[in-house]
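First the structure, in the form of structure tokens, and then the observations on it.
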Amino acid sequence: MLLSKHLKGYEKDIVDVVLGVAEVSKTISRGFITRQGKTDTSNVYGEQQAAMDKWADELLINELGGSGLIRYLASEEQPELLEFESESDIALSVDPLDGSSLLGVNLAMGTIVGIHRGGVLKPGEEMVGAVYIIYGPLTVLVYSLGDGVHEFALNTDGDFILQKENMTIGSEKRMGPGAARNTYLPFHEEYISKLEADGYKIRFSGSFVADVHQILHKGGVFTYPGYQGSVRGKLRLLFECAPMGYIVTQAGGAVSDGYVDLLSIVPESISERVPVYIGGKREINLIMGLPK
Ligand code: P6P
């Protein structure tokens, strides 16, 4: 089944945005071979931008912002919220290319899009949907608009074809433990030790979107915690954690900052970082129940 057919029944303006994201992702998937380099600029987090980061960001801004389909776009690569001429109330929060530090070693990375109405400084539980694309051996698109999680793969005709419908998170013991162990806070050290003692195997690539995609399929937990040096951790609430948390929650998993449901957190700014634990309910309940 084609993506466009699977989307029938959802609100037309949201469908048009998901299809627009899908079209831009096809262009991004073809851009890697000629954009392997770095730039001499950094984003607001002080991270050097790859040529692909900037190009993917510009594509999403120009194609979606210029389409009239959206009113606002917040991007991990932009310091401020962007506003466009549009009758729409749709607002997107976007990580144009998550995991771009892996360009040189050709591991999977991806695009993450959160879909909101009226603005982005709202809790993730108020999102109307989320989409991510993984650029790997296959170009895979996963979306949820509040009625299950569905996965598509890009075929040789340039169409996204349904692979899995109504996905539910796996139950294997896998963990993606971000941050350096010698910087762990005591409760997080206890958490990781418990998982290791329970036989959890490590699955961590350096690409949040790809690592969470693996946890969604296989089960377990990905975490990038608060740590000595940054109690708010590294990953961004709006651009990474809320959209992926929305999808994992829709698949029967859960997401937390270690204390509360991450989707209940109201962002104070578009650049807010947050500690993240994302995966199966068992693993998320374990961290939330640990004394801190
Ligand atoms: P570290 C990529 O830059 C990213 O934002 C996530 O995709 C990834 O999980 C994390 O940073 C990796 O961080 O500190 O392990 O390089």
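With charges set only on the Cβ (+1 for Lys and Arg, -1 for Asp and Glu), what does the dipole of the range 3-164 come to about its Cα centre, in debye to the nearest 20? Mind dumping the intermediate values first?
Working: 12 positive and 25 negative charges, 109 e Å.
In total the dipole reaches around 520 debye.
Kindly express, to the nearest 10 degrees and within the range 0 to 90, the angle between helix 12-29's C-alpha long axis and the longest C-alpha principal axis of the chain.
Helix 12-29 sits at roughly 80 degrees to that axis.
Can you work out the FRET efficiency for the pair Lys5 and Asp89, with r the C-beta to C-beta distance and R0 = 30 Å, to the nearest 0.05?
Values: r = 26 Å, r/R0 = 0.87.
E between Lys5 and Asp89, to the nearest 0.05, is 0.70.
Report, for the chain, the % of DSSP beta bridges that are antiparallel, rounded to 5.
Numbers: 44 of 53 bridges.
Looking only at bridges with both residues in the chain, the antiparallel portion is about 85 percent.
Explain nothing, just compute: Karplus ³J(HN,Hα) = 6.51 cos²θ - 1.76 cosθ + 1.60, θ = phi - 60°, for every residue of the range 274-286 in order, whole Hz, x for Gly and Pro.
8, x, 9, 10, 9, x, x, 4, 4, 5, 6, 4, 4
Whole number please: convex hull volume per residue of the Cα set in the range 212-292, in Å³? Present the calculation step by step, with values, prior to reporting the outcome.
Numbers: hull volume 7.0 nm³, N = 81.
Spelled out: Cα convex hull of the range 212-292, divided by residues, is 86 Å³.
Can you give me the accessible area per residue for the chain, using a 1.4 Å probe, in Å²? Mind showing how you got there, number by number?
On the way: 12120 Å² over 292 residues.
Using a 1.4 Å probe on heavy atoms only, each residue of the chain averages 42 Å².
Between beta-carbons, use under 12 Å as the cut-off and find the net charge around His6, counting Lys and Arg +1, Asp and Glu -1.
Working: positive: Lys5, Lys8, Lys164; negative: Asp147, Glu151, Asp159, Glu165.
After counting each charged neighbour, the total is -1.
Tell me which residues come under 5 Å, amide H to amide H, from Gln163 once H is placed; ignore anything under 5 positions away on its chain.
Here the answer is Glu151, Phe152, Ala153, since their amide H atoms fall under 5 Å of that of Gln163.
Would you grab the residues whose amide H sits under 5 Å from the one on Arg174? Only those 5+ places off in sequence or on another chain, please, with H modelled 1.01 Å from N.
It is Lys201, Gly220, Val221, by chain and number.
Within a Cβ distance under 14 Å of Ile265, other residues only, what is the Lys/Arg minus Asp/Glu net charge?
That sum, taken over residues with Cβ under 14 Å, equals -3.
Sequence gap at least 6, Cα distance under 8 Å: using those rules, report the relative contact order of the range 1-54 to the nearest whole percent.
22 percent
Give me the percent relative contact order of the range 174-289, please, defined on Cα pairs under 8 angstrom at least 6 residues apart. Mind dumping the intermediate values first?
Details: 204 pairs, mean separation 32.8, N = 116.
Over the range 174-289, the number comes to 28 percent.
May I have the convex hull volume per residue, in Å³, for the Cα set of the chain?
Spread over its residues, the Cα hull of the chain gives 122 Å³ apiece.
Quick check for me: using +1 on Lys/Arg Cβ and -1 on Asp/Glu Cβ, what's the dipole size of the chain about its Cα centre, in debye to the nearest 20?
1020 debye
What residue among Gly176, Ile61, Asn106 has its Cα farthest toward the positive end of the dipole of the chain, where the charges are +1 on Lys, Arg and -1 on Asp, Glu, each on the Cβ?
Gly176
Residue-wise, which Karplus ³J(HN,Hα) couplings in Hz belong to the range 108-124, taking 6.51 cos²θ - 1.76 cosθ + 1.60, θ = phi - 60°, and x for glycine or proline?
5, 9, x, 10, 10, 10, x, 10, 10, 10, x, x, 10, 7, 9, x, x
Can you list the residues, at least 5 places off or on another chain, whose amide H is less than 5 Å from the amide H of Asp98, using H built in the peptide plane?
Excluding prolines and chain starts, which carry no amide H, the hits are Gly110, Thr111, Ile112.
For the range 174-289, with only Lys/Arg (+1) and Asp/Glu (-1) charged at the beta-carbon, what is the dipole magnitude about the Cα centre, in debye rounded to 20?
300 debye
Antiparallel as a % of all DSSP beta bridges within the range 3-164, to the nearest 5?
90 percent
Based on the mean of other beta carbon atoms within 10 Å per residue, what is the order of 218-225, 22-29, 81-88, most packed first?
Numbers: 218-225: 24.5, 22-29: 18.8, 81-88: 14.0.
Peptide ranking by packing, descending: 218-225, 22-29, 81-88.
Mean projection of the alpha-carbon convex hull of the range 3-164 over all orientations, in nm²?
Mean orientational projected area (the range 3-164, Cα hull): 9.5 nm².
Roughly how many percent of the accessible protein surface of the chain is carbon and sulfur, given a 1.4 Å probe and a whole-percent answer?
50 percent
Please figure out what share of the DSSP beta bridges in the range 174-289 is antiparallel and state it in percent, rounded to the nearest 5.
70 percent
With a cut-off of 15 Å, note down the residues of the range 156-186 whose backbone N falls inside the zone around a label point 7 Å from the Cα of Asp147 toward its beta carbon.
So the set is 165-167.
Under the definition of Cα pairs under 8 Å and six or more residues apart, what whole-number percent is the relative contact order of the chain?
Working: 658 pairs, mean separation 45.5, N = 292.
Computed over the chain, the figure is 16 percent.
With n ≥ 4 as the cut-off for DSSP H runs, can you work out [θ] at 222 nm for the chain, using -39500 (n - 2.57) per run divided by the number of residues, rounded to the nearest 500?
Helices in the chain give a 222 nm mean residue ellipticity of -7500 deg cm²/dmol.
Given the C-alpha centroids of the range 105-163 and the range 32-75, what is the distance between them in whole angstrom?
17 Å
Under a plain spin-label model, where a point goes 7 Å from the Cα along Cα-to-Cβ, how far apart in nm are Glu63 and Glu80?
2.6 nm
The values are calculated or read from the model by the stated rules, or taken from the named source; none is laboratory data. Bear in mind the structure is a predicted one, so any value in this text is a computation, not a measurement. For neighbour counting, all protein chains shown are included, and Cβ atoms are generated from backbone atoms with ideal geometry for every residue, glycine included. Surface accessibility is based on the protein's heavy atoms, side chains included, excluding ligands, DNA and RNA. Shrake-Rupley method; radii C 1.70, N 1.55, O 1.52, S 1.80 Å.
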